[in-house]
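Right, one structure below, let's go through it.
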Amino acid sequence: MKDRYSLIVGYVGVILLGGSVILLVPLALLPFFPEETVLAWSFLIPSSIALVSGLLLKLAKRRDEKVVLTLHEGGIIIVISWLAITFLSALPFIVSRQLNFSNSIFESVSGWTTTGLSMVDVESTPYIFLFWRSLMQFVGGAGIAVVMLSAIIGPLGPGLYNAEGRSDLLLPNVKKSTRLIVSIYSGYTVAGTLLYMLAGMNWFDAINHAMAALSTGGFSTKANSIGQFNSLAIEITTIILMTLGTVNFAAHYLLLKGRLKEFFRISELRFGTLLLALAIPIVSFLSLSGIYGSVPKAIRIGFFEFTSALSTTGFSTASYAGWGSLPILLMIMMMIIGGGSGSTAGGAKQYRIMLLFKSIIWNIQRYGKPGNYTSRYYVFRPEGKIYLTKNHFIETVNFITLYIFTYMIGVFIIAANGYSIRDAMFEFASSLGTVGLSVGVTSPKAPLTVTWTQIIGMLLGRLEFFVIFYSIARIARDSKYVLGKR
């Protein structure tokens with residue numbers, strides 16, 4: 001038991017070492033903004049803490065290159081690493097006194113979970129911190145495990161990879177898959193940056209928005225988000241990047257390999273497209289056209305906002321102050337459903353919601369069949385046709401039930417602090433779905449109970465519920481053995 005935990009602690013150390021390097025990346029901006037050199041200590045101090053901690057923890061790992069991590073052990077590593085990394089990433093805001101402790105943790109968690117809800121005033125925040133927010137989303141979108149695995153030598157196995165909710169290997173080897181994911185992810189970001197610059201953004205805004213859009217994060221360098229640019233070209237570029245971010249990485253592999261027939265056959269992609277095809281016209285014609293005065297403008301705004309909500313990105317081109325109940329309700333539904341499985345997006349995931357709907361349809365169809373009728377149900381995923389078993393549906397129902405139950409608790413807590421049910425539903429759907437859209441509840445002046453409820457919601461929404469709960473229970477159970485009490 002102690003040997004396995006020494007392995008776990010050692011790999012947490014490896015991830016912290018990677019975190020120490022990431023904390024130094026914002027310093028690369030100082031030659032362009034020399035007036036902010038005084039802020040370098042805000043990143044050097046937490047980087048040094050991460051470096052020392054990582055080295056000490058790594059010493060605990062025995063050099064056994066044949067060991068393979070289980071999913072449960074990978075989950076423990078991920079939970080501990082995420083908590084440690086988000087704390088260390090909050091230190092730059094604390095050291096520089098940009099934010100207080102709770103708001104700093106909020107900003108860090110929002111960044112790493114690619115949520116995009118924010119406590120900072122972007123108009124007065126130094127460039128180095130704006131970049132740090134975007135960088136957290138960029139790395140958090142790919143996943144701490146995926147990014148670190150791409151550089152780690154040794155057969156860690158699928159445990160760490162799967163623990164962050166990634167089940168689709170692009171290649172048979174985990175390490176090769178993670179490196180390919182990082183390559184695809186980085187390539188899209190470079191392309192997105194160039195498109196933004198061609199559309200009129202300066203280089204700094206282009207880099208930040210490309211990272212935030214592809215990671216489905218939503219942090220912006222502008223107070224009014226994408227809407228401040230008032231550019232159709234920028235909105236189209238953002239929609240493309242948000243859509244790419246919400247697609248399973250294994251599906252990207254098919255697309256880049258030119259296997260278009262297999263790509264467009266994926267059931268989850270078709271389901272997501274259907275949701276937008278239904279929601280956007282309904283809201284544009286029945287509600288938004290009356291608010292914005294014309295159908296074309298309503299469609300433009302509706303297309304962007306609903307793509308942002310379903311992809312769980314959180315960029316916006318409009319205020320929701322004058323929106324009626326119908327568009328707000330549909331936005332909440334989109335945020336709860338979320339993006340594609342195995343992507344950078346959050347939410348309950350389109351794949352699970354699709355299975356629920358399909359199971360209802362299949363059950364209805366069975367009533368019209370003979371009593372001895374049997375059928376094998378399947379869906380198309382990036383790896384091909386997948387036949388579904390009873391366990392697929394049980395796991396899906398269990399997850400959705402837990403997700404909705406958690407959502408109801410969060411809504412209750414926020415509403416109990418004096419906010420309307422509508423605002424509470426919208427804001428916690430945004431937090432739990434790691435979306436980042438807001439109706440004004442998120443604020444530096446918000447009650448601490450609301451802030452920490454959102455923090456917990458963002459963490460639960462980014463990582464798999466069962467991974468977190470099992471890991472905490474497993475650590476509590478094993479602690480007495482590891483500490484030698486029994």
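Please treat every number below as a calculation from the coordinates, not as lab data. The shown structure was predicted, so the numbers you read here are calculated from the model rather than taken from an experiment. So basically every Cβ, Gly included, is an ideal-geometry build from the backbone, and we count neighbours across all protein chains shown.
Observations, loosely collected:
- Ranked by how many other Cβ atoms sit within 10 Å of their own Cβ, fewest first, the residues MET136, MET333 fall in the order MET333, MET136.
- Between the stretch 1-59 and the stretch 279-357, the alpha-carbon centres lie 38 Å apart.
- Per-peptide average of other Cβ atoms within 10 Å, ordering 187-193, 102-108 highest first: 102-108, 187-193
- Counting neighbouring Cβ atoms within 10 Å and putting the fewest first, the residues MET211, MET408 line up as MET408, MET211.
- Computed lengthening from LEU326 to VAL38, 0.36 nm per intervening residue step minus Cα-Cα distance: 98.8 nm
- When restricted to Cα atoms, the chain yields an Rg and a Dmax of 22.3, 77 Å, respectively.
- Summarised as an ellipsoid, the stretch 257-301 has semi-axes of 31, 11, 5 Å, derived from the eigenvalues of the Cα gyration tensor scaled by 5 and square-rooted, with the largest first.
- PHE101-LYS222 pseudo-label distance in nm [points 7 Å out on the Cα-to-Cβ vector]: 3.8
- Anisotropy class of the stretch 231-291 from Cα gyration tensor, a/c 1.5 cut: oblate
- Per-bin percent of Cα-Cα distances, the stretch 193-249 [5 Å]: 4, 22, 34, 29, 8, 3, 0
- Placing a pseudo-label 7 Å from each Cα along the Cα-to-Cβ vector at ARG270 and LEU194 gives an inter-label distance of 3.4 nm.
- With the simple spin-label model, which puts each label point 7 Å out from Cα in the Cβ direction, the MET333 to ILE360 separation comes to 1.0 nm.
- When HIS252, HIS209, HIS392 are sorted by how many other C-beta atoms sit within 10 angstrom of their C-beta, beginning with the fewest, the order is HIS392, HIS252, HIS209.
- Within the stretch 299-391, trypsin sites (Lys or Arg not before Pro) in DSSP loop having at most 11 other beta-carbon neighbours inside 10 Å: ARG376
- When peptides 18-26, 37-45 are ranked by their average number of other Cβ atoms within 10 Å per residue, the highest-first order is 18-26, 37-45.
- D (Stokes-Einstein, µm²/s), Kirkwood Cα radius, the stretch 393-477, 1.567 mPa s at 4 °C: 96
- Potential lengthening between LEU278 and LEU56 on full extension [0.36 nm per residue; Cα-Cα distance subtracted]: 74.5 nm
- Sum of side-chain charges, SER284 neighbourhood, beta-carbon under 14 Å (Lys, Arg +1; Asp, Glu -1): +1
- Computed [θ] at 222 nm, deg cm²/dmol, the chain (DSSP H ≥ 4; -39,500 (n - 2.57); rounded to nearest 500): -20500 deg cm²/dmol
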